[in-house]
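Derivation of every value follows stated rules applied to the coordinates shown; laboratory data play no part. The structure displayed is predicted, hence computed values, not measured ones. As a convention, Cβ positions derive from the backbone with ideal geometry for all residues, glycine included, and neighbour counts pool all protein chains shown.
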Amino acid sequence: MTLANGRHYLAIPGPSVMPDRVLQAMHRPAPNIYRGELVDMVETIVPDLKTVGGTRHNVAMYICNGHGSWEAALTNCFSRGDKVLVLGTGRFGVNWGEMAGALGLDVQLLDFGSRSDVDLAVVSEALEADTEHRIKGVLAVQVDTSTSVKNDIKGIRGCLDDAAHPALLLSDNIACLGCDEFHMDDWGVDVMVTGSQKGLMTPPGMAFVYFNDKADEARAIADLVTPYWDWQPRIDPDYFYRYFCGTAPTHHLYGLRTALDMIVHEEGIPAVWRRHAVLAEAIWAALEVWGQAGPVRANIAERVKRSNAVTLVNFGPGNGLRLREWMEHSYGVTLGIPLDGVDGPGTTLDDFLRIGHMGHVNGQMVMGVLAGLQAGMSALQIPHGPTGLEAAMKVIAEAA
Ligand SMILES: *Cc1c(COP(=O)(O)O)cnc(C)c1O
């Protein structure tokens, strides 16, 4: 006997839950890729993507995952030997920096570890020390999905401005666009990358590179630009085929159109952010109570530094693995694995799990995950404060 049979729930930090409406929009015969409905629809997708990112500037669309958008951003902005300052707060920031190194960039990594956000004082110091302005770009991650930390992107822009430093600011928002508040233009971000499969509720396979005019000026002299990743033809195609440097991702576009209808035109971005914030708070309230009588703790201590899209939790020795197995096989929820590097002194990777709460997620889904975790802790005899669920329900009751 198992209680896992029934509709399975993948509560990992991407791919996220896809709305049935998105899937239904994709279920159709292949459209004409040269003219007509599909071509007209793409013209409506671009402005909505800009709204989600908070920009009046440009969005280039690619057929790839998030890693592709990293390479697109780097190759359009830089030349071999250019120096970039990489702000590491987990696997994703560090890996983006490694990709930059592999492309021939000179990487200066500031590694803030797996339990902290970017320390702005350290960034300022590095920028002020660079009196010759050799640093051409700062690579930041708004939410590092491996640690679930949220960085202060606007604050990083402040460091550049205070140092009167001309480097570009590039932000990886793959985990959190449409979940955590973000304003590309108001926060002075020059390049932002994101993917289809997290906050945007569409299957993996499309990614987006947002860039402003300053970044486009960098592209004019960048020697890493390649024909496929070049963002120029993708923003102002003289014919539609060039938007995607080949065949359009036809069915993804139908799915994305529907997802953007839901996010931008039906719920509205501020309400989407608010929903994510309340659901995240409910999760954190449960963790806090469980932790009062057991080993449970959120990886990031301060709530203001946590993402509303994903939470990395330490459940005590070996318990992350045991709970993930229990949740999947006995309860019907798959939780996220921990990624390398989040364990530190006195811990192992098996202590951790990640809860994805991004995108098409509501109160009953989050409460279902939390109830499963509390039942799992009881079943596996993991000590915990007994009223975590009540604390989560109180958050929901007060917000709803
Ligand atoms: C998911 C993610 C990536 C990688 O995206 P892929 O689609 O798996 O290539 C990069 N950065 C962040 C912050 C992410 O959350």
Between their Cα atoms, which of 83/150; 136/198; 50/150; 214/305; 150/198; 50/214 are more than 27 Å away from each other?
-> 136/198; 214/305
Return an integer: the convex hull volume of the alpha-carbon atoms of segment 11-156, in Å³ per residue.
-> 151
Rounded if a/c is under 1.5, else prolate if a/b beats b/c, else oblate: with a ≥ b ≥ c from the C-alpha gyration tensor eigenvalues square-rooted, which is segment 228-374?
-> prolate
So, counting K/R as plus one and D/E as minus one, what does the shell of residues with Cβ under 13 Å around residue 391 add up to?
-> -3
Using only Cα atoms, tell me the angle between helix 269-291 and the longest principal axis of the chain; keep it within 0 to 90° and round to the nearest 10.
-> 40
State the extension gain, in nm to one decimal, for the chain segment bounded by residue 397 and residue 1, taking 0.36 nm per residue of separation less the distance between their alpha-carbons.
-> 139.2 nm
Report the charge-dipole magnitude of segment 1-94 in Debye, nearest 20, computed about the Cα centre from +1 at each Lys and Arg Cβ and -1 at each Asp and Glu Cβ.
-> 200
Whole-angstrom gap from segment 25-98 to segment 269-315, using each part's C-alpha centre = 29
With only helices counted (DSSP H, runs n ≥ 4, each -39500 (n - 2.57)), the per-residue ellipticity at 222 nm for the chain, to the nearest 500, works out to -11500 deg cm²/dmol
Find the Rg to Rh ratio for segment 147-256, where Rh is the Kirkwood radius over alpha-carbon pairs and Rg uses the same atoms.
-> 0.99
How would you classify the chain from its alpha-carbon gyration tensor, with a ≥ b ≥ c the square roots of the eigenvalues: rounded for a/c under 1.5, else prolate if a/b is greater than b/c, otherwise oblate?
-> oblate
Decide, for segment 340-398, between rounded, prolate and oblate: order the square roots of the alpha carbon gyration tensor eigenvalues as a ≥ b ≥ c, take rounded if a/c falls under 1.5, and otherwise choose prolate if a/b is larger than b/c, else oblate.
-> oblate
Segment 344-400-segment 101-129 distance, computed between alpha-carbon centres (Å) | 33
